[in-house]
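Colleague: This is the structure, below, for whatever I ask next.
The values are calculated or read from the model by the stated rules, or taken from the named source; none is laboratory data. Everything numeric here is computed off the predicted structure, so don't read it as measured data. Here Cβ is always computed from backbone atoms with ideal geometry, including for glycine, and neighbour counts include all displayed protein chains. Heads up: the accessible areas ignore ligands, DNA and RNA and are worked out on the full protein's heavy atoms, side chains in. Shrake-Rupley method; radii C 1.70, N 1.55, O 1.52, S 1.80 Å.
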Amino acid sequence: MKTYVLKKSGDAPEFRIDYAAELNEEQLAVVMNGDGPCLVLAGAGSGKTRTIVYRVAYLLEKGVLPEQILLLTFTNKAAREMRERVASLIGAEPSRLWGGTFHHVCHRILRERGNRVGLREGFTILDSEDAKDLMKACVRELGVDTKAKRFPSPAVLLSLASFSFNAGLSIPETIEAKHPAFRDHASSIEDVVARYMAKKRASNAVDFDDLLLLTAKLLREDDDSRKRYAEQFRYILVDEYQDTNRIQAEIVCRLATVHNNVVVVGDDAQSIYSFRGADIRNILAFPKLFSNTKTFRLETNYRSTPEILDLANDVISKNTEQFPKELKSMKASFAKPSVVNAVSGAQEAEFVAQRILELHDEGTPFDEIAVLFRATFHSQALEFELMKRGIPYDYRGGMKFFDRAHIKDALAFLRIATNKDDEVAWMRILSLQVGIGPATAVRLFERVRALSTLDDVADDAAIGLPSRAAAGWKAFLKTFGDVLDARPSPSNMLRTVADSEYKIYLENEYPDYRDRLEDLEQIAGFAEQYPDVESFLADAALRDDIAAAGKNARILLPTDTEDGKVVLSTIHQAKGLEWDAVFVIHMTQGAFPNKRALVEGDAGSGLEEERRLFYVAVTRARRDLWLTYPITTGYGDFSFEPKSEFLQEISPRLVEEIRIEESYDDLPTISYDENGDPIQRKGLLKDIDEY
């Protein structure tokens, strides 16, 4: 057969994209020179995603086949967005490109080669609920005595097992690090986890952790499979490399053993997920792991003002374990970030709420304003204030404060301690007790209703109950009696609940039990301002009425409220997002940096991760940034709290200090709606509250 050669002018391919015109110099260097092992240190707001997308497009335009490119991300949304942007750049969908989350790509590999690590054709993937059901079956089959002492729930067992696998720790080591209260259960937990693993294999099923673990095992132990995929993937790109765990980093390294073309993109300054098993050492050690690594820095920031970036650079400079970088702003100069000193948490909430309304009056949409905090319970006072003022808000990463299960549980204890006939509260509380199912709960409630007083209930014996239900009822009566003794103080009653058997229930039921206990302390502190439990419960129940009153108040706002809602979010949930205006609240020592994180960190690593978390919070703001802290906490018994050491570290020249003053000289007038009902108006730092 004869061939006919088409002559091209020069050797270079013709590019559809003008890379030099569309990228800055830092980004262009990565796109054009990203062969070999490359570490791309991408600062916040520096166009990381844009750089990755253009690198993939450049490779495709050079003639690299789509199936020879592997793009690893941490979310399906990120993978989908990158593929769509590549398609729009090159004018065609790169359908054969291997792109997706680590779990997605590992699943694809195991579908092809899973038989080499013990999987059979047609294996199934267990979702989180399936995994809980299987773990629960394992506990039951092994005959674990969960009535003698509460045993961890399936959710907690799965959390322990997952952290163990991903961090490379044994089950006893994980228990010691995460749940030392489970030491007595260590042997049983090991047996249950082993049984869980065996039942998965027998069922030809895998969970999400298995997708990573079995792929790593395949690439580690089956040399033919490692060569097959390492040869296929000429170019590997990894997004958010600072968030990889031990197993994910191993997979990347083994897939890069043939061509050695691996570009990892990330920011060590934004490594904040060690509690999930992420290991910052993966990105810090990358140049040592891959010889001749080329390091690129993306330091041009398109998000924030120079004043915000000056603060961010100053904050992160205090860390020692990092790659130094200096973010440079492309935005016009604006106001310095503000550090705001409030007398109390209530005043801090008032300040934030008032500033939000003022920003809105000035033209900032509600959905371009965010309030960030280190822990969920820090938002409680602010949520009340926002509801009172009619400010619409969304809570990211969880439920609003009073909708959380443990808060409703605690309030239910107080409800039955004031109203013996509150069936809803009784059924909620009884369902938490060991050995008490729905039918037994109904019988017990009828028994309670027949008694004359609450004290009679506390003295009730467990006569006639099965042994397991009797044990649960007896434990409940001990807590109930203590709660009654703590009357009339709602604060003391709530702390009694938090220190009771319920505390053990939380640890055994929820992986984040410490956060839930902190929530209970927060609401107990809030309850200190109430003289009796009845008034406290009334205000807690009327929070929906407060919100309804707030909806009326919105009538008087100068612009329509179709511009969304203010975002309330933990800083962890806010990573990757940005807003025009950001408040970082409750910046007191022990709250942020979080004292528990400092204890759990190794030799200063906990403090450095907390500082990275502060850096992430600061770099979410485009234009306005307020850092606030109360000097006292509590509502009845005040305690003085020093401001966060992170605030103390900041150079004074980079921020404006603000001290709040309250004024009543210009109290707002009361307006009325068409029904003659009073409408709350925005004042200075104090509002007239009419419901």
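Colleague: Can you pull the Kirkwood radius for the stretch 77-191, inverse mean 1/r over Cα pairs, to one decimal in Å? Let's see the in-between values first.
Modeller: On the way: mean 1/r = 0.0572 Å⁻¹.
With all distinct Cα pairs of the stretch 77-191 included, I get 17.5 Å.
Colleague: Mean separation of Cα pairs under 8 Å and 6+ residues apart, divided by the residue count of the chain: what relative contact order is that in percent? Present the calculation step by step, with values, prior to reporting the outcome.
Modeller: Details: 1141 pairs, mean separation 116.0, N = 691.
Reported as a whole number, the value is 17 percent.
Colleague: Taking amide H positions as placed in the peptide plane 1.01 Å from N, state which residues far from Lys294 in sequence (5 or more) or on other chains have amide H under 5 Å from it.
Modeller: Those qualifying (amide H under 5 Å, at least 5 residues apart or on another chain) are Cys38, Leu39.
Colleague: Counting other C-beta atoms within 10 Å, and keeping those with at most 15, which DSSP coil GluC sites (Glu not before Pro) do you find in the stretch 336-397? Before the final figure, lay out each step's value.
Modeller: Details: sites: Glu348, Glu350, Glu358, Glu362, Glu368, Glu383, Glu385; in loops: Glu362.
Here the sparse-neighbourhood loop sites are Glu362.
Colleague: Still on this structure: With every protein chain left in place, what is the accessible area per residue of the chain in square angstrom, probe 1.4 Å?
Modeller: So the chain comes to 44 Å² accessible per residue, rounded to a whole number.
Colleague: Given the alpha-carbon gyration tensor of the stretch 456-537, what are the semi-axes of its equivalent ellipsoid in whole angstrom, ordered largest first, with each equal to the square root of 5 times an eigenvalue? Intermediate results must be reported in sequence, preceding the final value.
Modeller: Values: eigenvalues 126, 72, 9 Å².
Equivalent ellipsoid of the stretch 456-537: 25, 19, 7 Å, largest first.
Colleague: Rounded to the nearest Å, what's the spacing between the alpha carbon centres of the stretch 400-475 and the stretch 493-536? Just the number, please.
Modeller: With the stretch 400-475 and the stretch 493-536 each reduced to a Cα centre, they are spaced 17 Å.
Colleague: How many angstrom lie between the C-alpha centres of the stretch 224-274 and the stretch 73-98?
Modeller: 18 Å
Colleague: So, with a 1.4 angstrom probe, what is the percent of accessible area on the stretch 209-320 that is carbon and sulfur? Provide the component values of the computation, followed by the final result.
Modeller: Details: 1770 of 3930 Å².
The C+S portion of the solvent-accessible surface of the stretch 209-320 is 45 percent.
Colleague: From zero up to wherever the largest Cα-Cα distance of the stretch 1-137 sits, split into 5 Å bins and tell me the percent of pairs in each.
Modeller: 2, 8, 14, 16, 16, 12, 8, 9, 7, 4, 2, 1, 1, 0
Colleague: A further question follows. What's the carbon and sulfur percent of the stretch 50-148's accessible surface, probe 1.4 angstrom, rounded to a whole number?
Modeller: Numbers: 2270 of 4800 Å².
Percent of accessible area from carbon and sulfur atoms in the stretch 50-148: 47.
Colleague: How big is the accessible area of Asp35 in square angstrom, nearest 10, if you roll a 1.4 angstrom probe over the protein chains?
Modeller: About 60 Å², ignoring ligands and nucleic acids.
Colleague: Going by amide H atoms built from the backbone, whose H comes under 5 Å of the H on Leu625, apart from near neighbours?
Modeller: Ser338, Val582
Colleague: If you don't mind, another one. Determine the sum of side-chain charges near Pro37: Lys and Arg each +1, Asp and Glu each -1, restricted to other residues whose C-beta is under 12 angstrom from that of Pro37. Don't skip to the end; give the middle numbers.
Modeller: Details: positive: Lys288, Lys294; negative: Asp35.
The answer is +1.
Colleague: Now, a different point. As a check on your grasp of the helix formula, calculate [θ] at 222 nm for the chain: sum -39500 (n - 2.57) over DSSP H runs of n ≥ 4, divide by the residue count, round to the nearest 500. Intermediate values should be presented prior to the final figure.
Modeller: Details: 31 runs with 326 residues, N = 691.
Helices in the chain give a 222 nm mean residue ellipticity of -14000 deg cm²/dmol.
Colleague: If I take all pairs of Cα atoms in the stretch 368-465, what percentage of them are more than 16 Å from each other? Intermediate results must be reported in sequence, preceding the final value.
Modeller: Numbers: 3106 of 4753 pairs.
Within the stretch 368-465, distances greater than 16 Å cover 65 percent of Cα pairs.
Colleague: Mind listing which chymotrypsin sites (Phe, Trp or Tyr not before Pro) in the stretch 347-451 are in a DSSP loop and have 13 or fewer other Cβ atoms within 10 Å? Walk me through the numbers on the way to the answer.
Modeller: Working: sites: Phe351, Phe366, Phe373, Phe377, Phe384, Tyr393, Tyr395, Phe401, Phe402, Phe413, Trp426, Phe445; in loops: none.
Hits after loop and neighbour filter: nothing returned.
Colleague: While we're here: Which distance in nm do the two modelled labels at Phe275 and Ser338 give, with both placed 7 Å along the Cα-to-Cβ direction?
Modeller: Between Phe275 and Ser338, the label points sit 3.0 nm apart.
Colleague: Summing Lys, Arg as +1 and Asp, Glu as -1, what charge do residues with Cβ under 13 Å from the Cβ of Pro531 carry, Pro531 excluded?
Modeller: Details: positive: Arg487; negative: Glu528, Asp532, Glu534, Asp539.
Charge balance in the 13 Å sphere: -3.
Colleague: Here are labelled values, (i) 26.9; (ii) 28.5; (iii) 26.1, and one is the computed Kirkwood radius over Cα pairs in Å for what I pasted. Which one?
Modeller: So the calculated entry is the one marked (ii).
Colleague: Using only the Cα atoms of the stretch 342-403, build the gyration tensor, take square roots of its eigenvalues as a ≥ b ≥ c, and label the shape rounded, prolate or oblate: rounded if a/c is under 1.5, else prolate if a/b is larger than b/c, else oblate. It would help to have the intermediate numbers written out before the result.
Modeller: Numbers: a/c = 1.76, a/b = 1.24, b/c = 1.42.
Oblate is the answer for the stretch 342-403, as a/c is 1.5 or above yet b/c matches or exceeds a/b.
Colleague: Whole Å is fine, so just give me how far the alpha carbon centre of the stretch 340-398 lies from that of the stretch 176-202.
Modeller: So the separation of the two Cα centres works out to 42 Å.
Colleague: Please compute the contact order of the stretch 310-445 in relative form: average sequence separation of alpha-carbon pairs under 8 Å and at least six residues apart, divided by the residue count, as a percent.
Modeller: Numbers: 60 pairs, mean separation 18.4, N = 136.
That works out to 14 percent.
Colleague: Check each of the trypsin sites (Lys or Arg not before Pro) in the stretch 71-170 and keep only those in coil by DSSP with at most 13 other C-beta atoms within 10 angstrom; list them in order. Let's see the in-between values first.
Modeller: Working: sites: Lys77, Arg80, Arg83, Arg85, Arg96, Arg108, Arg111, Arg113, Arg116, Arg120, Lys132, Lys136, Arg140, Lys147, Lys149, Arg150; in loops: Arg96, Arg120, Lys147, Lys149, Arg150.
Sparse-neighbourhood loop trypsin sites (Lys or Arg not before Pro): Arg96, Arg120, Lys149.
Colleague: Another question, then. Give the percent of DSSP beta bridges with both residues in the chain that are antiparallel, rounded to the nearest 5.
Modeller: Details: 5 of 56 bridges.
So the antiparallel bridges in the chain amount to around 10 percent.
Colleague: Around Glu641, which amide H atoms from residues at least 5 apart in sequence, or from another chain, sit under 5 Å from its own amide H, with H modelled in the peptide plane?
Modeller: Amide H neighbours of Glu641: Thr632, Thr633.
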